[in-house]
Structure formats: structure tokens, C-alpha cells
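Engineer: I have a structure I would like to understand better, so I am pasting it below and will then ask my questions one at a time.
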Amino acid sequence: MSDSIKILNQVFRSTINSYTMVFFSKNRWFGLILVLVSFFDIYAGIAGMISIFTANSFAWLMGLNRANILSGFYGFNALLVGLGLGIAFEPVPQFYLLLISVALATLFLTLAFEGFAGKYGLPYLTLPFLIALWIAALAARNYTTLMQGDSGIYTMNSMYESGGTAVVSIYEWFGDIHWPVAVKTYFKSLGAIFFQYHLFAGLLIAAGLLIYSRIAFLLSVLGFVSAWLFYMLIGADMNDLNYGYIGFNHILTAIAIGGFFMVASRWSMLWVILLTPIISIITSGFSELISSLQLPVYSLPFNVVVLLFLYSMKFRERMLLKPETVAVQYFSPEKNLYIGENSRNRFKNKAYVPVTLPFFGIWTVNQGHNGEYTHKADWKHAWDFVITGEDGKEFSGGGKDASDFHCFNKPVIAPADGWIEEIIDHIEDNAIGETNIQHNWGNTIVIRHNEWLYTKLSHLKRGSIKVSQGAWVSRGQILAACGNSGNSPYPHLHFQVQATPHIGSATINYPVSQFICHSAKQELKIYEIPENGAKVSNVETEQSLKDAFHFVPGQTIRYSNEDAPGHIGEWKVIVDIYKNHYLCDDETGAKAYFFTDGALIFFTHYEGPQSSMLYYFYLAAYKIPLSSYRNLQVKDVFPPSSFASSPLLFFQDIVAPFYIFLKPEFSLTLHEIEEDLNGNRVVLASEVNLKIAGYNRMSYRFTISSNGGKLERMSISAGKVNTVISFLRS
């Protein structure tokens with residue numbers, strides 16, 4: 001792509017996003033509709049466009065954040081100021097001098113509010129627009145060369161200048177529609193957001209809102225209907241809604257709180273309803289307060305209510321999900337909900353310090369939580385582990401000596417990084433069948449992982465401890481050997497997690513981060529509690545797979561597609577300023593975000609066109625254990641927004657705040673593994689299935705092969721796409 005094309009693309013993005021950001025969106029189709037609406041009054045549309053170019057151009061020249069400029073963050077307030085001034089004044093040359101000056105001032109106000117509000121983790125919303133437009137309106141009263149505009153008086157003239165007789169005819173047709181007053185007022189309130197006070201503009205904005213987000217459209221209706229009912233109930237002047245068009249404050253507040261800053265849910269919608277009277281009170285109160293200055297209230301109620309609400313939510317100590325604050329902003333209520341919900345379920349234990357099993361190989365839980373013998377009361381959340389042979393026994397021979405037991409003298413390893421807090425290493429090992437009640441825990445190691453997290457390993461072999469108190473240990477480091485000391489009639493390893501550092505501390509219910517459960521088939525367990533009788537082991541990684549999926553920032557993955565001979569595709573590995581890792585396809589603009597913990601690689605979400613090969617790689621490699629267990633099965637669930645739009649997804653979007661019924665499933669198995677001179681060749685087979693009422697609505701199948709620590713091939717069978725891509729070795 002040439003430099004000139006890149007510049008034009010950046011100008012287009014920053015301009016379109018300046019329009020859509022008024023509705024917290026980055027949808028380009030919605031943006032084009034809003035541009036069209038703004039030009040219903042041609043001079044207002046031109047003024048809005050000039051304001052955007054002024055603000056964004058000076059932002060570039062000042063060296064401001066490039067991502068913020070492209071996202072429209074520095075342009076949308078200037079746009080609103082331009083539209084407001086374009087409606088208010090005649091387009092004389094002196095007006096454009098004022099316009100450019102006020103647009104620049106709006107940028108300065110935006111930066112000031114960005115810095116001030118940012119200290120409190122709050123958005124600046126349209127506060128820069130409010131102040132800039134108010135000050136400009138007051139100042140203009142002293143400028144004799146400026147003339148008041150007559151767009152609001154001679155609406156037909158403005159419509160004719162915008163599109164001729166065709167647009168006037170359409171406008172008149174909509175004006176004659178005999179819809180209920182509440183419905184007409186809703187659409188007019190939408191149009192008023194862009195200073196277009198008529199039904200036709202509101203209908204177009206509503207259509208764009210529906211294209212952008214079904215949840216946002218639903219919230220806009222909820223916000224307005226709540227206001228309408230409140231005005232009727234309280235006996236307020238309905239003209240404030242019908243002719244004052246201040247209903248847009250309720251609409252914008254509903255979208256902001258109902259699905260943008262808060263995750264859309266029944267709780268966020270309840271707050272939309274509860275805040276309705278407050279918006280009305282602030283609207284009426286401030287209208288009276290500034291009426292002496294002959295200034296409209298504009299979007300002041302929206303700003304005050306949203307900022308007060310978001311600031312109040314920061315003081316919560318409980319009820320954190322009612323409603324839930326959006327952690328990562330995707331500029332779509334649907335994505336905020338779907339990806340947030342999916343991530344919370346997939347990575348709900350991310351706050352845990354990963355604690356693994358404290359041994360090598362496969363061991364058996366012969367006493368789990370709430371055990372039959374000793375795991376009671378304060379010590380109920382503990383495990384006893386042994387090794388069993390193929391015959392199911394814990395020992396070979398007669399089982400009369402400790403050395404007959406399979407687990408005796410086997411290595412005990414650190415379950416996580418930490419410091420050695422306590423050590424006991426002088427207790428004699430018991431003869432089989434005898435116990436030492438006086439020294440209940442026997443030889444023991446306590447490890448501190450953080451301020452309130454400790455693990456304890458007990459009944460260790462005397463003299464086997466290889467570390468000293470206060471030493472730092474790494475996960476997987478050998479610490480001691482399994483023994484038979486303390487209250488232990490036969491060799492076994494006692495393992496527990498506790499919140500205090502003392503030997504004998506009460507246990508806490510804490511999951512093991514990752515382990516393999518060996519039964520008829522091998523299952524990967526993530527942050528679960530190993531159950532009594534289960535045969536378990538840590539996830540043993542396959543080096544060739546680790547190497548193949550070891551994506552390093554700066555790395556370029558190149559591939560060829562059998563359906564596009566001669567074309568070489570590229571994915572770059574990038575890490576952003578927030579330390580998020582992702583694969584990026586510059587050609588299509590696609591991004592697939594991922595993270596790895598050394599034993600698994602997860603893809604978290606995808607952005608971009610679903611025709612990109614990177615999209616299919618995201619689906620195929622959604623969750624991969626970097627191990628080579630032949631019978632291992634892995635399952636996971638995608639967010640519904642991962643797939644193309646359909647009538648079913650449209651309906652899901654509408655009911656999503658209350659119930660999610662679309663849950664596309666991911667499954668993966670190890671298809672085959674071969675050893676050759678270059679190292680292991682591993683083939684993974686994965687599927688994506690969406691079932692509704694038992695009927696399979698979608699079924700995609702993939703294979704990914706690696707050879708010698710490098711990605712080799714990916715086969716794709718996804719709807720109409722059936723192809724193979726080959727990865728090129730660098």
C-alpha cells in the first residue's frame with residue numbers, strides 16, 4: 001500500500017469514527033449514515049466536516065496519540081460543535097474563521113478533560129462540546145459580522161439545498177405519517193443528536209443504530225420509553241420531549257450505561273430505568289438555571305448522570321457484576337457482552353496463582369477433600385496422593401517395608417514459585433502400619449507464594465529435603481522425597497493449600513491450575529479440584545509443539561494457499577502497549593489475540609474480516625495444550641460474535657442481556673504423532689460446532705500439523721471454504 005493511500009485511509013478512518021463515536025461506535029456503515037444525516041442541512045454538514053478536519057489535523061501536528069486520532073476521540077466533540085454552529089449561523093466568511101478557532105479550542109478542551117477525567121478513570125464524553133459551544137454562542141453575540149441562521153425556520157430550503165425535490169418529497173411524506181406522538185418524538189430525538197430536528201433524520205439514525213448494535217437500539221428505545229412514561233406519570237410538560245427534543249439525553253445515557261461502559265444485562269437495564277427521573281430533574285433544573293443566558297441545556301444531563309454513575313460504581317465492594325463494568329472496550333455492546341462473558345468463564349481463575357501438582361508422573365488421589373479418614377473440619381480441603389501399579393495396588397512384593405510402596409522415595413516438587421517458609425526434617429519414617437501422632441504432619445515443607453497463599457507438603461522422607469528455610473524455589477524444582485513420617489501408616493504425600501504460614505494451618509479450597517485426568521480417556525482439567533480416586537498428572541509438554549506455537553514479538557509467519565497460487569500471506573506477531581499479544585494480517589487488517597502459560601495456548605478474541613485465513617487459524621487453534629497425549633480431548637466455547645451475522649444471531653443480540661443461547665463449541669484431539677529425524681511431527685484435529693435444539697447449524701473441521709518445531713500445514717473445511725495452507729519455513 002502506497003503512502004498516499006495509507007494517508008487517505010487514515011483520514012477516512014479518523015473522520016468516520018468522529019461521527020460514530022457520538023454513539024460509542026466504530027461501525028463504518030453507521031458512520032456513512034451519520035455523515036449523510038449531517039448533510040441534510042448542507043451548511044451544517046460542511047461546518048461539521050471542517051471542524052473534524054481542524055481538530056484532527058492539529059492533533060496530528062501536535063503529535064498526539066495516533067490511535068486516539070484514528071478512533072475519532074479528538075474529532076467527535078469538534079463535529080458536534082461544528083454542527084451546532086452551522087445550524088446557528090449563516091455561512092459568511094467570518095463564520096468559518098470563528099468555526100476553525102472554536103474547533104481548535106474544542107481540541108484543547110478535549111485534552112484538558114482527557115487528562116482530568118483520566119485521573120479518575122472516567123470518560124470526558126461531550127463536555128468539551130458543551131463548553132465550547134456555549135462560550136462560542138455567548139461570544140458571537142458581540143460579533144457584528146455574524147448573522148443568525150434560519151435553518152430551523154426554513155427547513156424546506158435546507159432540505160432542497162441538500163438533495164433537491166426528491167429529498168423534500170421524502171421529508172414531506174414522512175411528515176404526513178400518522179404515527180403515535182411518542183414514536184415520532186423518539187425518532188426526532190435521535191435526529192436531534194445531530195441537530196436535525198425531523199423524523200426522516202431520526203429514522204436513518206435508528207436504522208444505522210440497528211446495523212451497529214441491536215442491543216444499543218434496544219437500549220435507546222428503553223431509555224426513551226422510560227422517559228416518556230415518567231413524564232406522563234409525574235405530570236411534566238410533554239413539550240419538553242416533543243418539541244424540546246431533550247429525549248436524546250435519555251437515549252444516550254441508556255446506551256452508555258446499558259451496554260457500553262457497563263456490560264449489557266438485566267441489571268444495567270434496571271439502572272437505565274432508575275436513572276430516568278434523575279436525568280429529567282437535571283434537565284429541568286439546569287434549563288431553569290441557564291435560561292437567563294438563553295442557552296440550551298444540550299447534552300448536559302447525559303454528561304452529569306453518566307459521570308456520576310460511573311464514578312459511584314468505583315466505590316463498590318460487592319455486587320460487582322450487578323452490573324459489571326466493561327473491562328476491555330470493544331466499542332460494541334454485543335462484543336462487550338459476548339467476549340466479556342466468554343473470557344470470564346474461560347479465564348475466571350486468572351486471578352489465582354497457578355498451583356500445579358507436586359510430583360512427576362501419574363499419581364492417584366487416595367483421599368480427597370472431605371476425606372474418609374483424616375481430611376475433616378479445618379483440614380477438609382487437602383489431598384493424599386499415592387502411586388498405584390497396573391494391578392491397582394500401591395505396593396509390590398509383600399508391602400511390609402516402605403520401600404515396597406511405589407511412591408516411597410519418589411521426588412516431591414514445588415507446585416509454584418515461592419519462598420521456603422517452614423521446614424521439619426528430623427522425624428523418623430514409620431514402620432508400615434504404625435503412626436506418629438506426636439508429630440502429626442511428619443517431615444514438612446511450607447512454601448509462601450504470596451501474602452495469603454501457602455502450600456504444605458507433608459509426610460516426607462527424613463533427610464530428603466534439599467532446600468533450606470528462606471530459599472527461593474521455582475515451580476517444578478525437586479524439594480524432597482515422599483516418605484512415611486508423622487501420622488502416616490503407609491507412604492503417601494499429603495498436599496494442601498492454606499492462607500497462613502504455620503504447620504497445622506487450616507486448609508482453603510483452592511484449585512489445581514492444570515492437570516491431566518487419566519481415565520478411559522485423558523481429559524485436560526483447568527483450575528479444578530482433583531477428585532478422590534482420580535489418576536492425575538501434570539501437563540507434560542511436547543517440545544516440538546511448544547516450539548511450533550512459540551510466537552515471539554517481531555516474528556513473521558508466512559504461508560501459501562493452494563487456492564491462490566503465487567500469493568504469499570504474512571502474519572506478524574505483535575505485542576501492544578498493554579502487553580497483549582496478537583497475530584496481525586496487514587493485508588486484511590485482521591488480528592487474533594492470544595496468550596500462553598507455557599502449557600497451553602489460548603486465543604482470546606478476533607478482530608477483522610471473516611474471510612481472512614487468520615480467522616480460520618483462530619478457530620482451528622482456539623485452545624491447544626502443548627502436549628502429546630494421544631487420547632487427550634479438549635473442549636471450549638466461542639463467543640457468538642465470533643461468527644458471521646445471521647437471523648439467529650440477530651435474535652440472540654436482542655435477548656443477549658437476559659439469556660445467551662448460542663454457544664458454539666470447540667473440540668480438539670491429537671490426530672497423530674510421528675517421530676522422525678527432524679523431531680516429532682504432530683497433527684491436531686479440531687472442530688467447531690453450533691447446535692440449536694439438537695440440530696447442527698454449523699460444523700467446521702480443521703487439522704494443524706507441525707514438524708520439527710515448526711508449523712507445517714492447516715487444512716480447512718468450513719462451509720464453502722475447503723482449502724489447505726502451507727506454512728513456509730523461515
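Engineer: Give me the extension gain from Ser312 to Thr556: residue separation times 0.36 nm, minus the current Cα-Cα distance, reported in nm with one decimal.
Structural biologist: 83.3 nm
Engineer: Still on this structure: With an 8 Å Cα cut-off and a minimum separation of 6 or more residues, compute the relative contact order for segment 313-416 in percent.
Structural biologist: With pairs under 8 Å counted, the relative contact order is 21 percent.
Engineer: Hey, what angle do you get for helix 266-290 against the long axis of the chain, alpha-carbon based, 0 to 90 degrees rounded to 10?
Structural biologist: Helix 266-290 sits roughly 30 degrees off the main axis of the chain.
Engineer: Which whole-number percent gives the relative contact order of segment 363-510, counting Cα pairs below 8 Å spaced six or more residues apart?
Structural biologist: 27
Engineer: Here's something else I'd like to know. For Ile673, put the label point 7 Å out on the Cα→Cβ axis and report which residues of segment 542-568 keep their amide N under 19 Å from it.
Structural biologist: What the label zone holds, given the 19 Å backbone N cut-off, is 542-550.
Engineer: Could you line up Ser396, Ser343 from fewest to most neighbouring Cβ atoms inside 10 Å?
Structural biologist: On the way: Ser396 12, Ser343 17.
With the sparsest Cβ surroundings first, the list reads Ser396, Ser343.
Engineer: Looking at segment 543-728, what % of the alpha carbon pairs are farther apart than 29 Å?
Structural biologist: Considering segment 543-728, 22 percent of its Cα-Cα pairs are separated by more than 29 Å.
Engineer: State, to one decimal in nm, how far the label point of Ser699 lies from the label point of Ala207, with both points 7 Å from Cα in the Cβ direction.
Structural biologist: It works out to 4.0 nm between the two label points.
Engineer: Which entry in (i) 1.20; (ii) 1.13; (iii) 1.52 matches Cα Rg over 2.2 N^0.38 Å derived from the coordinates of this structure?
Structural biologist: Read-out from the structure maps to (i).
Engineer: Right, another one. In degrees between 0 and 90, to the nearest 10, how far off the longest principal axis of the chain does helix 93-118 point, with axes built from Cα atoms?
Structural biologist: 30
Engineer: I would also like to ask the following. Any idea how far apart Glu372 and Arg729 come out in nm if each label point goes 7 Å out from Cα toward Cβ?
Structural biologist: 5.5
Engineer: Between Lys380 and Arg448, what is the FRET efficiency for a Förster distance of 25 Å, r being their Cβ-Cβ separation, to the nearest 0.05?
Structural biologist: The value I calculate is 0.65.
Engineer: Between the helical axis of 333-346 and the dominant principal axis of the chain, each derived from Cα atoms, what acute angle in degrees is found, rounded to the nearest 10?
Structural biologist: Compared with the principal axis, the helix lies near 10 degrees.
Engineer: Modelled label-to-label distance, Phe108 and Arg141, 7 Å Cα→beta-carbon offset: nm?
Structural biologist: 2.2
Engineer: Can you give me the relative contact order of segment 14-115 as a percent, contacts being Cα pairs under 8 Å and 6 or more apart?
Structural biologist: 33
Engineer: To the nearest 500 deg cm²/dmol, what mean residue ellipticity at 222 nm is calculated for the chain from DSSP H runs of n ≥ 4 alone, each contributing -39,500 (n - 2.57), summed and divided by the residues?
Structural biologist: -11500 deg cm²/dmol
Every read-out reported here was derived from the displayed coordinates using simple, explicitly stated rules and does not represent laboratory data. The structure presented is a predicted model; accordingly, all values stated were derived computationally and were not measured. Glycine also receives a Cβ, built like all others from the backbone with ideal geometry; neighbour counts cover every protein chain displayed.
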